[in-house]
Amino acid sequence: HEDNADITLSCAPVGESRASEYGLVKFDSSGRVVQFSEKPKGDDLEAMKVDTSFLNFAIDDPAKYPYIASMGVYVFKRDVLLNLLKSRYAELHDFGSEILPRALHDHNVQAYVFTDYWEDIGTIRSFFDANMALCEQPPKFEFYDPKTPFFTSPRYLPPTKSDKCRIKEAIISHGCFLRECKIEHSIIGVRSRLNSGSELKNAMMMGADSYETEDEISRLMSEGKVPIGVGENTKISNCIIDMNARIGRDVVISNKEGVQEADRPEEGYYIRSGIVVIQKNATIKDGTVV
């Protein structure tokens, strides 16, 4: 507002390893953005390096974050936005790669540098890592800060029920049935069922949309089918389990071979960046090894 910006670009400092995943910016001493480069590689990436020592006040070691990335959050003056979309750049489609780089030349685009917690979860790996980081002590992001309470949609579910379980560094959602299982550094979503002898480590289990009754579960098992949840003596690690997945007994999901990428939709899973992703509504049969 003070800078009379037509467009304000929220930005965050990023390190070498992930810089090429973002739109990177350079700005002058007044904060005006003078260059914008979408996901640059090689020499183009090197050219976007900036001296981030001005962030000393907020970051322990600014030298580890030699790039400034666009967070994909933009604030426009209303008439500027309408003008861009209706007339000037009507044929363009993407803000990051098309509209913003052009707008720099005709408009006052200012950078707002954000130095608190921020994660872009645009890849399976970053989504997984950001969720796993919530299990750490202390976490990088705090759900339980009384000054900034975090509300979720009310589901009116009963509390979670656990029987003879070992649970360490975990977040357990409402309405789960945990029976003689071991959970470590994992997130367990609503209405999850884990049966005796099952073990989850570094896993994100999304949960289920509905419950199956004890009768339904017995019937499914007598027919050789798999109920929703995780079966007996199943061991799972480094895995995302999407909603309503049915994982049988004596299954091992550990990606022991260290496969980085694989597509096995007919078997109910994918592997992305070494993380096994069990598909929504998938069935993993008893004794399967992934």
Checklist entry - Dividing the alpha-carbon Rg of the chain by 2.2 N^0.38 Å yields what? => result 1.25
Checklist entry - Rounded to the nearest 500, what is the chain's calculated 222 nm mean residue ellipticity when only DSSP H runs of at least 4 contribute -39500 (n - 2.57) each, over all residues? => result -3500 deg cm²/dmol
Checklist outcome for this item: For the stretch 135-290, the percent of accessible surface on carbon and sulfur atoms (probe 1.4 angstrom, ligands and nucleic acids excluded) is 50
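How large is the accessible surface per residue of the stretch 7-118, computed with a 1.4 Å probe and reported in Å² as a whole number? Please list the in-between numbers first.
Details: 6250 Å² over 112 residues.
Accessible area per residue, the stretch 7-118: 56 Å².
When you have a sec, figure out the Kirkwood radius of the stretch 53-136 from all distinct Cα pair distances and drop it here in Å to one decimal? Show your work: numbers first, answer last.
Working: mean 1/r = 0.0632 Å⁻¹.
Value: 15.8 Å, from the Cα pair sum.
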Checklist entry - Counting Lys +1, Arg +1, Asp -1, Glu -1, what net charge surrounds Glu16 among other residues with beta carbon under 11 Å of its beta carbon? => result +2
Checklist entry - According to a simple spin-label model (label point 7 Å from Cα along Cα-to-Cβ), what is the distance in nm between Tyr112 and Asp163? => result 5.2
Checklist entry - If Arg78, Arg219, Arg32, Arg193 are ordered by their accessible area, calculated over protein heavy atoms with a 1.4 Å probe, which sequence runs from highest to lowest? => result Arg78, Arg219, Arg32, Arg193
Item to check | Per-residue SASA entry for Lys225, accessible area with 1.4 Å probe, Å² rounded to 10 | outcome: 110
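A 28 angstrom limit on the alpha carbon distance is what I want to check against. Which of Lys140/Lys164; Lys39/Lys235; Lys164/Lys225; Lys41/Lys201 exceed it? Walk me through the numbers on the way to the answer.
Values: Lys140/Lys164 30 Å; Lys39/Lys235 38 Å; Lys164/Lys225 26 Å; Lys41/Lys201 35 Å.
Beyond 28 Å between Cα atoms: Lys140/Lys164; Lys39/Lys235; Lys41/Lys201.
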Item to check | the stretch 7-118 pair-distance distribution - Cα-Cα, 10 Å bins, rounded % | outcome: 14, 47, 30, 9, 1
Next on the checklist: Cβ neighbours within 10 Å, averaged per peptide: list 41-49, 6-14 in order, most packed at the top.
Outcome noted: 6-14, 41-49
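The values are calculated or read from the model by the stated rules, or taken from the named source; none is laboratory data. What you are looking at is a predicted structure, and each value in this text was computed from that prediction instead of being measured. When we count neighbours, we look across all protein chains shown, and the Cβ atoms used for this are built from the backbone with ideal geometry, even at glycine. Please note that ligands, DNA and RNA were not included when accessible areas were found on the heavy atoms of the full protein model with its side chains. Shrake-Rupley method; radii C 1.70, N 1.55, O 1.52, S 1.80 Å.
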